[in-house]
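The values are calculated or read from the model by the stated rules, or taken from the named source; none is laboratory data. All of these numbers come straight from a predicted model, not from anything done at the bench. Neighbour counts run over all protein chains shown; Cβ positions are idealised from the backbone, glycine included.
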Amino acid sequence: MTDERTRSKEALDISPRENPDAPILLCDGRGLKRLIRFGLAWLERHQEAINALNVYPVPDGDTGTNMLLTMQSAYQEIHDSPEEEVGVIAQKVAHGALMGARGNSGVILSQIFRGFARSLEKVQAFDTVQFAAALREAATTAYKGVIKPVEGTILTVARELAEASVTAAASSQDLRYVLEHVVHAAQESVARTPTLLPVLAEAGVVDAGGQGLLVILEGMLRYAKGEPVSIDSELAAAVDLHALHPEGEEGYGYDIQFIVHGEGLQVEEIRETIASMGDCALVVGDSRAVKVHVHSPEPGTPINYGTSLGSLSRVIVENMQEQYQDFILSKAQRPTVPAEPLSGIGTVVVAPGPGLTKVFESLGASAVVSGGQTMNPSTESILNAIESIASDEVIVLPNNKNIVLAAQQAQTLSAKRVEVVRTVTVPQGISALLSLNYQADLATNARVMTEAAKVVETVEITQAIRSVQIDGVSVEEGEFIGLVNGKLRVRGDSPNQTTISALRETDAKAYEIITVYYGESISPEEAEQLADQIEKQFPEQEVEVVDGGQPHYYYILSVE
Amino acid sequence: MGRIRIITDITAQLPPELVAQHHITVLPIEVRFGDEVFLVGPGRGPELLYERMADGLAKPAQINVPVSAVQEAYSKLNREADDILVILSSGHLSKSLATARSAAQAFLGRCRITVMDSMSASKGLGLLVEAAARAAQEGQPLDEIVRLIRGMLPHIYMLFFVDRLDYLEQGGRLGSAQTLLGTMLRIKPLLLVEDGEIIPLEKVRTQLMALEKLADFVGEFASIQDVYILHGPLLDHDGELIGELEDLLNVVLPNRQFPVIEYDPLLACHLGPAGLGVAVYEGI
């Protein structure tokens, strides 16, 4: 924002101004950067409070954490950028959010930034009218990113605050005034979410994603009003660490990214040329802008080629040694040799726990991304897994409802033909993967796998992380709870007893096999005891016990 | 136009009356199973082999026709026929084809011996041999018979499921880790005999789903001439599973008979002794 203080070198020092109430007429790239930083800091401060808004009392993909990780990824794209054009900063934010998006709320947040950036393309500094238009585009894009938009969520909040911004912008040129109205509208919208979404009302909470968006905007407003937010030192340290590029070592090449802007760009042709220059080429875009991502030992070649096509922006050249170390440290993704080389179709599955990873690998998964409850993998890690495997056709099994959107984002980002089979539990994923037919084509497999996922019933046993009454079951914090096909159905005093009660809620007697995947906190002996108990209750069914090693969930069972 | 004689081996599972009627020569096979060799031929059943299979895990297996038996058959038929047509199991699944081909070298110039890869096995092979024998009986020339058999090849399908994975592991169709975990999870792979190979398709975990897959497979054909139920020698002694499969097949293909056949030692070595499946001939 081009008032006096935005020109100060350290944005977080809210230096006293001559006239703190002077209107803020424009916001340039540096201003947006600080708004994002304040939004991020405020979100971090409220992370736990947002996590606590989970509808289900289960250790789940926490909304606050997911949105924070997404925001961090967005901020890392811009934190050391001297760029002044707000359109460019918005693009970088959108890209960072997109790649770092975790969980459904993170993916929707990244869509919001994407629409915001699209509206501000080529804009040097926005005024109130452009700001309102960008918020509108943000809401529209977010709605489009979701196949079945649900009201009473972050989507509703994004739409209602955008509507408020349009009204406010019509009556004021002061960005601070507009932002105040936006925050006010967001507060009201969040408060209304339980009236729109009965499940929120039942759980007695507001929508966590909507609350997260509100908190980000509140942080931005604090900046505009000159109110400080405390920046967590650990976060600042993490961001600074990321900025330090270690001295390059030969052998890993460079990770080169840029966007070419021009007229009549031929995406296909660019893709082929770039692919010939290095590995892992990713070229997406349209005739006006093409995003290029390639690994090459010689960064000059693709960049020179890009310059010959048009003007370049967001040029990023990174030494991959650094990324390689990140990869080794995170072990987020474990590409494996495809066990069944007959198929041209690769599979990327998300699995929590070493045991389940082994199960998926042995069933022929081409790559396993570790993740699940409370540890939703980012769009980027799913995308990396898709790109890492040898097949051009890939099926992704997210195995968790909170990872489906990130998987779909990765699908749109990949140049490969990708289908996401919307498996929402581990047993569904196993059932789907088994039905992969190496003779059939991608679309047929996606259809057959979707069907296969439906024939299995899932039981999950965990501990309530808060007291709540939902789905007609009242639970106290710390009690053991059993979910059947994602719905809270029973509670109990021990994991084993809760499992038996939950199995009674399924059609187990009509099926053949009950499989117990026991979690990291369960010993093999305990799991065998449970199997004995199940066999007594269900003498007709076969019971199998497998070490799943998943965190948080004592048991995951499949009944089929 | 000369006289044509047909040779196959015991795995074609031809009914004895058909063999006699068409003067088909049926060779025995040697089954090497682990350290032991079992000879299975006309009048000499595979019971001992199956006892070994029932005793323990899968062992490395190899199937071949004895060279002496092939040579003897060639020598004998050389005198009474102008053309000898040898139709055997897929070269991917046994060594018989290679043996028959190399044995034919010695007869070059004395007799025309045509060795054909059926690209199939068991009942699939049997259907081809039967058709060839009928055509020969009708006096069709060799070229026509070969053309007929080649035309039939793509219309014969066999699909099986197995619930023991160790035989697939021995055959190199599953990795050892897959076998271990797959066995724990009771995984039943579906296997298609195609282009002479046994190809894993999808997998299921329950018998009911496996049976439904077999019935769905049969149900997808627009026209069908024959459907056979093929089962392993050690499968389902009370016939319950086969009965369930018959019921499901009756739904997709009403008013039909589905002859039930115990499959041969070759399939037993590749699929294990407890597989269950269908052989379908579309007709041409």
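Couple of notes before you dig in:
- With a requirement of 2 or more residues that are on the phi < 0 side of the Ramachandran plot and in contact with a Leu (Cβ under 6 Å, 6 or more places away or on another chain), the helices (runs of 4 or more DSSP H) lying completely within region A:358-438 that satisfy it span A:404-413, A:426-434.
- A:Leu155 being part of a helix (DSSP H, G or I) and crowded, with 24+ Cβ neighbours inside 10 Å: no
- Qualifying residue in region A:525-537 (condition: within 13 Å of chain B (Cβ to nearest Cβ) and within 34 Å of the chain's Cα centre (by Cα)): yes
- Checking B:Ala73, B:Ala58, B:Ala54 one by one, the residue that is of a type in the set (Gly, Ala, Ser) and touching a Gly at 6+ places or on another chain (Cβ under 8 Å) is B:Ala58 and no other.
- Checked against (1) in contact with a helix residue (DSSP H, G or I) (Cβ under 7 Å, 6 or more places away or on another chain); (2) buried (at least 22 other Cβ atoms within 10 Å of the Cβ); (3) modelled with pLDDT under 90, A:Gly353 passes all but condition (1).
- Members of region A:406-449 found to be touching a strand residue (DSSP E or B) at 6+ places or on another chain (Cβ under 7 Å), farther than 25 Å from A:Met375 by Cα and of a type outside the set (A, V, I, L, M, F, W, C), listed by number: A:Lys416, A:Arg417, A:Ser435, A:Asn437, A:Tyr438, A:Gln439, A:Asn445
- Number of the condition not met by A:Asp240 [criteria: (1) modelled with pLDDT of 80 or more; (2) outside any loop (DSSP other than H, G, I, E, B)]: (1)
- Filter result for the condition that a residue is of a type in the set (Val, Ile, Thr), in contact with a Phe, Trp or Tyr (Cβ under 8 Å, 6 or more places away or on another chain), modelled with pLDDT of 95 or more and not assigned by TED's automatic domain parsing to the domain that holds B:Leu165, over B:Val31, B:Val65, B:Val26, B:Val70: B:Val31
- Matching option when the condition is aromatic (Phe, Trp, Tyr) and crowded, with 21+ Cβ neighbours inside 10 Å, among B:Tyr74, B:Tyr50: B:Tyr74
- Residue among B:Val146, B:Val162, B:Val115, B:Val129 that is aliphatic (A, V, I, L, M) and either closer than 30 Å to A:Leu356 by Cβ or at the interface with chain A (Cβ under 10 Å from one of its Cβ atoms) (or both): B:Val162
- In summary, B:Leu57 fulfils each of the numbered conditions (1) surrounded by fewer than 14 Cβ atoms within 10 Å (Cβ to Cβ); (2) out of contact with any Asp or Glu (no Cβ under 9 Å at 6 or more places or on another chain) with the single exception of condition (2).
- Taken together, the residues in region B:215-238 that are more than 14 Å from chain A (Cβ to nearest Cβ) and more than 15 Å from the chain's Cα centre (by Cα) amount to 14.
- Search result, residues across region B:169-210 that are in a loop (DSSP other than H, G, I, E, B) and either facing another protein chain (nearest Cβ under 7 Å) or crowded, with 20+ Cβ neighbours inside 10 Å (or both): B:Arg173, B:Leu174, B:Gly175, B:Leu185, B:Arg186, B:Ile187, B:Arg205, B:Thr206
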